[in-house]
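In what follows, a single structure is set out as structure tokens and then discussed.
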Amino acid sequence: MSSREPIGVIGTGYVGLVTAVGFAELGSDVVCVDIDAGKVERLQRGEIPIYEPGLAELVEKNRERLTFTTDLSVALDRARLLFVAVGTPPTYSGDADLSAVHAVVNAMPASDRHALVMKSTVPVGTGEAIKRVFEEQGKSGFRYVSCPEFLKEGSAIDDFLDPDRVVIGDEGGWAGDAVTELYRPVLTPELGGSKRGELVRTDIKSAEMVKLASNAFLATKISFINEIANVCEETGADVVEVAKGMGLDDRIGSKFLKAGIGFGGSCFPKDVNALKQLAGNSGYHFQLLNAVIEVNELQKRRVIGKLQKNLGSLVGKRIALLGLAFKPETDDMREASSLVLSARLIADGAEVVGYDPIAAEEAGKLLKGVELAGSASEALAGADAVVLVTEWPEFKELDLAAVASSMRGNVFIDGRNLLDGDAARSAGLVYEGIGRGYAPQADVPAGSSL
Ligand code: UGA
């Protein structure tokens, strides 16, 4: 038995699994609860339902500390802190759907020795509403802590074990103190740990807002650089150089200044909308976020314009999409740019073939009418044009001369500015990135090495 506090984690999605395995790695026994019996059985057998680098290895390493069950009472018996990591998907109105959170709240017994620790992203005011429900249900002894999660898919384990900050929102008392102790090892040496984590111990509403505001700010940064990229295309500047020059200013910072074909994933689109709705519901019109969302939608569609500029009508044209997941190192297809892009291309009469090193299975469930290839070269063979949608490292290693000779056409739209444009052009491709100045190569005849 470990000397660290045992915990329960409710929900075994990305956030739940990473939180569970992260705390197990730090020495806690963790009871993971999920209502999906099939998923629990797979986890008990050691099968990890999602692709996240390092996760399977860490689950294996900490197997003895991890229990997977559908039975909430196992967690309630063994732990006083119950981390909630259930989904809060968007509803039709753009608000967050809190039904899974409320199901957890309703399942809690009256208790003076337990606390819910909210990891799921929820609107500001949720903690207060839950505390009211606890009171109405005669469970006012149940404590509540907001502890938003900031992990990024693809680097989630590192983000957990070496975070920028840990945010804990509570009203004082044992539960917030206990959560702080759990995170102690990943805090800075000044705070008693050995990592980089700064601690923000605050009230519940502010903690809830830190999460939404952080995601909305990052999404704003991306839409901002995408608009700069679009202006660069009109004016002949190169957005990569511009972002470098801007990012060196400490106040701006170099991260999240990569122009591309828009942000996706389970968090940014949902959280930006949720914050917009939250503001709207309380009477404030958050103008900036409308623009952030609109720019992101248009950014995905601009690729169609680039293809049409180079190919004319897309009817009957074979277009290869390299990368389908919303970003590299994940199999997550939620709000991936490939979904919008492929649907638009098909609607315009194109034939679409896609390849992704990891997300093919997930993509197969969602991409309607798209042929899935087993490799990049298979996808490229016979294509009139290719769009690099997700910057998987393997695409950086593409043999560009081989790409050019296997394609029927020669148009290469690099939606993530991953490749060296000059190398692509000398291999005979009509290469166009995002925001890389004028693209005079559109007029260069097919096969030219200019
Ligand atoms: C995001 C946040 O970065 C995490 O801090 C947060 O915890 C998480 O949401 C969440 O709320 O759960 P994630 O969605 O995993 O993490 O992915 P990011 O790495 O942030 O990328 C989001 C999207 O932005 C991707 O589609 C990516 O391609 C795009 N992006 C990112 C750009 O287009 N340009 C950039 O410079 C950076």
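The values are calculated or read from the model by the stated rules, or taken from the named source; none is laboratory data. Quick caveat: nothing in here was measured; it's all calculated off a predicted structure. Every residue, glycine among them, receives a Cβ derived from its backbone with ideal geometry; neighbour counts consider all protein chains shown. Protein only, heavy atoms only, side chains kept; ligands, DNA and RNA dropped before computing areas. Shrake-Rupley method; radii C 1.70, N 1.55, O 1.52, S 1.80 Å.
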Quiz item: What is the one condition in (1) touching a Gly at 6+ places or on another chain (Cβ under 7 Å); (2) surrounded by 20 or more Cβ atoms within 10 Å (Cβ to Cβ); (3) over 30 Å from residue 49 (Cα atoms) that residue 346 does not satisfy?
Solution: (2)
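Filtering the range 127-139 down to residues that are open to solvent by 10 Å² or more (accessible area, probe 1.4 Å) and not basic (Lys, Arg), which residue is farthest from the ligand (Cβ to nearest atom)?
To start, the set of residues in the range 127-139 that are open to solvent by 10 Å² or more (accessible area, probe 1.4 Å) comprises 128-129, 131-133, 135-139.
Those still in the list that are not basic (Lys, Arg) too: 128-129, 133, 135-138.
Numbers: 128: 21, 129: 21, 133: 24, 135: 29, 136: 30, 137: 29, 138: 34 Å.
Applying the filter and picking the extreme gives 138.
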Practice problem: List every residue pair whose Cβ atoms lie under 6 Å apart, where the two residues are 6 or more positions apart in sequence or sit on different chains, the first residue falls within the range 262-274 and is under 13 Å from residue 217 (Cα atoms), and the second residue, located anywhere, is among the acidic types (Asp, Glu). | Solution: 269/335
Self-check item: Residue list for the range 12-29, filter: under 21 Å from the mean Cα position of the chain (by Cα) and open to solvent by 10 Å² or more (accessible area, probe 1.4 Å)
Solution: 13, 14, 15
Practice problem: Determine whether the range 199-222 contains at least one residue that is within 14 Å of the ligand (Cβ to nearest atom), in contact (Cβ under 8 Å) with a residue 12 or more places away in the chain and in contact with an Asp or Glu (Cβ under 6 Å, 6 or more places away or on another chain). | Solution: yes
Exercise. Hey, can you tell me all the residues within the range 161-185 that are hydrophobic (A, V, I, L, M, F, W, C), open to solvent by less than 20 Å² (accessible area, probe 1.4 Å) and within 15 Å of the ligand (Cβ to nearest atom)?
Key: 166, 167
Quiz item: What helices (runs of 4 or more DSSP H), lying completely within the range 231-330, carry at least 1 residues that are open to solvent by 50 Å² or more (accessible area, probe 1.4 Å) and away from the ligand (no atom under 16 Å from the Cβ)?
Solution: 268-281, 287-311
Quiz prompt | the range 140-160, residues that are more than 10 Å from the ligand (Cβ to nearest atom) and crowded, with 18+ Cβ neighbours inside 10 Å | solution = 142, 143, 144, 145, 146, 147, 157, 160
Exercise. Hey, could you check the range 97-146 for residues that are among the β-branched types (Val, Ile, Thr) and in a loop (DSSP other than H, G, I, E, B) and say which is farthest from residue 6 (Cα to Cα)?
Key: 124
Practice problem: Find all pairs meeting these conditions: Cβ atoms under 6 angstrom apart; at least six residues apart or on different chains; first residue within the range 58-79 and buried (at least 17 other Cβ atoms within 10 Å of the Cβ) and modelled with pLDDT of 95 or more; second residue among the small types (Gly, Ala, Ser) and part of a strand (DSSP E or B). | Solution: 75/8; 79/8
Quiz item: In the range 147-166, what count of residues is obtained for those that are outside any helix (DSSP H, G or I) and either in contact (Cβ under 8 Å) with a residue 60 or more places away in the chain or under 21 Å from residue 334 (Cα atoms) (or both)?
Solution: 9
